[in-house]
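Here is the structure we will look at.
Only the coordinates and a few stated rules stand behind these numbers; no lab work does. All values reported here derive from a predicted model rather than from experimental measurement. Neighbour counts are summed over all protein chains in view; Cβ atoms, including those assigned to glycine, are modelled from backbone coordinates with ideal geometry.
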């Protein structure tokens with residue numbers, strides 16, 4: 001007959017297997033750090049396009065009158081997004097292979113759907129805002145919808161991701177209240193916060 005400690009080990013093993021079956025454990029903290037670095041680089045380019053030679057901390061009261069500038073900003077944001085997604089997928093694939101798991105499974109499909117719904121909705125909403133000339137609310141909307149997407153998908157991710165989602169929403173609301181500092185808050189949300197939470201996740205789960 002098994003002793004009590006052995007039963008506890010069995011229960012712990014079963015619990016671990018259940019958590020693995022519902023959580024996307026292949027997410028790499030390093031991908032969050034790199035995404036933050038990409039965002040900082042993108043913010044530097046945006047500053048050159050919009051603010052230069054003024055300080056990024058300055059209150060911006062002008063609107064983006066030139067269509068070419070807006071187009072370049074959208075291209076910059078798209079490059080940051082593609083680089084972040086590509087790096088995340090590559091690192092996740094590598095981590096999944098290391099653990100002997102398939103990257104694309106039922107959990108991944110559920111995660112993709114939960115992320116996509118708020119992100120696609122937010123992306124379309126932001127495009128409508130830009131088309132209507134409401135540039136000042138675009139950056140806050142990016143942060144808010146991204147935070148909602150993280151929270152919506154947090155059941156299949158580490159708990160830190162949910163807290164990152166809360167942080168993004170709060171930062172987005174502050175940015176909406178302080179319209180005119182969009183680039184600064186965008187940099188904090190997608191750059192600094194990603195690096196901080198990515199470092200925490202890397203220390204806890206990747207080392």
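Annotations
- Segment residue 121-residue 202, extension gain: residue separation times 0.36 nm, minus the distance between their alpha carbons: 26.2 nm
- Panel order for 94, 162, by other beta carbons found within 10 Å of each beta carbon, from fewest to most: 94, 162.
- Relative contact order (%) - the stretch 58-207, alpha-carbon pairs under 8 angstrom, separation at least six: 21
- Taking each residue as 0.36 nm, the span from residue 173 to residue 85 lengthens on full extension beyond its C-alpha to C-alpha distance by 29.2 nm.
- Here the spin labels are modelled as points 7 Å beyond Cα on the Cα-Cβ line, and at residue 166 and residue 93 they lie 3.5 nm apart.
- Compactness of the stretch 118-207, expressed as Rg and Dmax over alpha-carbon positions, Å: 13.7, 47
- A simple spin-label model places the labels of residue 78 and residue 45 1.1 nm from each other, with each point 7 Å out along Cα-to-Cβ.
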